[in-house]
1. Just one of (1) at pLDDT below 95; (2) exposed (fewer than 15 other Cβ atoms within 10 Å of the Cβ); (3) in contact with a Leu (Cβ under 9 Å, 6 or more places away or on another chain) trips up ASN128, so point out which.
2. Identify the residue in the range 34-69 that is charged (D, E, K, R) and modelled with pLDDT under 85 and, among all such residues, is surrounded by the fewest Cβ atoms within 10 Å (Cβ to Cβ).
3. Going residue by residue through the range 73-91, is there one that turns out to be in a strand (DSSP E or B), of a type in the set (S, T, N, Q), buried (at least 22 other Cβ atoms within 10 Å of the Cβ) and touching a His at 6+ places or on another chain (Cβ under 9 Å)?
4. Going by what's in this entry, would GLY139 be described as modelled with pLDDT of 95 or more, assigned to a strand (DSSP E or B) and within 13 Å of the chain's Cα centre (by Cα)?
5. If the requirement is being more than 22 Å from LEU46 (Cα to Cα) and either out of contact with any Phe, Trp or Tyr (no Cβ under 9 Å at 6 or more places or on another chain) or among the charged types (D, E, K, R) (or both), which of these qualifies: ALA105, ALA119?
6. On the given criteria, is ALA182 out of contact with any Lys or Arg (no Cβ under 9 Å at 6 or more places or on another chain) and under 18 Å from ALA37 (Cα atoms)?
7. Could you tell me how many of the residues in the range 191-221 are of a type in the set (Asp, Glu), touching a strand residue (DSSP E or B) at 6+ places or on another chain (Cβ under 7 Å) and closer than 30 Å to ASP55 by Cα?
8. Looking only at the range 147-167, which residues are part of a loop (DSSP other than H, G, I, E, B) and in contact (Cβ under 8 Å) with a residue 40 or more places away in the chain?
Amino acid sequence: MNKVIQTAILITVSTSIISTGLSGSPSGEGFYMGTGAGVSSNVAILLEGNYNYSDPDNTTYTFSSSSLDDSDVGYMVYAGYQINKIIAVEAAYTDYGNFKVTKYAKEYSQSPNSFAVYANAGYMFLDNQLRPFGNIGLGYLQKNQSRAYDRLDFQKDTATIHSGIGVDYYPSVLEGVGFRAAFSGDTAVDNVYTVNDNNTSESQTLWQIYSLFYVGVEYKF
């Protein structure tokens with residue numbers, strides 16, 4: 001509940017600041033910044049494999065998978081520069097909230113946040129008021145994970161693929177004030193591989209997909 005209140009205050013303050021500010025134009029090049037909040041989620045898929053080759057004539061391999069998922073409230077703060085009607089370069093800080101799942105009497109929890117830089121590609125319609133877009137780039141994620149994740153030897157911080165889709169709407173009557181509805185996320189893959197002295201090997205791969213569906217406000221200078 002506290003995070004819901006915080007994100008609501010963040011959007012309210014941002015709206016008041018940009019509505020009292022300078023005039024801007026949604027067409028062509030220009031610097032913009034914004035913030036948004038919404039529903040976040042985390043899906044973690046753990047893949048485990050064990051290979052025993054102590055007997056070359058009777059090798060064995062076992063494979064198992066399990067998943068953890070949870071949802072919360074998150075927010076994003078972003079800024080960018082629109083080069084033309086198609087291409088923009090954008091950077092964002094995302095707080096995905098808090099995720100916690102208990103499995104086999106162990107608590108797997110994270111409070112992830114990321115910083116990402118990416119390309120924003122779209123096109124303007126409706127007299128330069130409406131712009132659907134897609135994002136792709138790189139991010140750096142801090143997982144802030146619990147000891148249960150640490151015991152699996154997975155990284156606490158990692159590089160990610162940052163991607164998303166959304167739409168910006170700049171009503172011409174608001175002179176630079178716009179609104180955004182978008183889905184964005186970070187995907188991280190960790191791998192641990194060990195070879196034991198007894199002619200066995202073990203591998204663990206953790207796919208983690210962090211996502212945020214958010215709505216927000218922005219201002220183009």
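The values are calculated or read from the model by the stated rules, or taken from the named source; none is laboratory data. Quick caveat: nothing in here was measured; it's all calculated off a predicted structure. As a convention, Cβ positions derive from the backbone with ideal geometry for all residues, glycine included, and neighbour counts pool all protein chains shown.
1. (3)
2. ASP57
3. Within the range 73-91, not a single residue is in a strand (DSSP E or B), of a type in the set (S, T, N, Q), buried (at least 22 other Cβ atoms within 10 Å of the Cβ) and touching a His at 6+ places or on another chain (Cβ under 9 Å).
4. When the stated conditions are applied, GLY139 passes them.
5. Step by step, each of ALA105, ALA119 is checked, and only ALA119 is more than 22 Å from LEU46 (Cα to Cα) and either out of contact with any Phe, Trp or Tyr (no Cβ under 9 Å at 6 or more places or on another chain) or among the charged types (D, E, K, R) (or both).
6. For ALA182, the condition - out of contact with any Lys or Arg (no Cβ under 9 Å at 6 or more places or on another chain) and under 18 Å from ALA37 (Cα atoms) - is met.
7. Result for the range 191-221: 1.
8. LEU152, ASP153, PHE154
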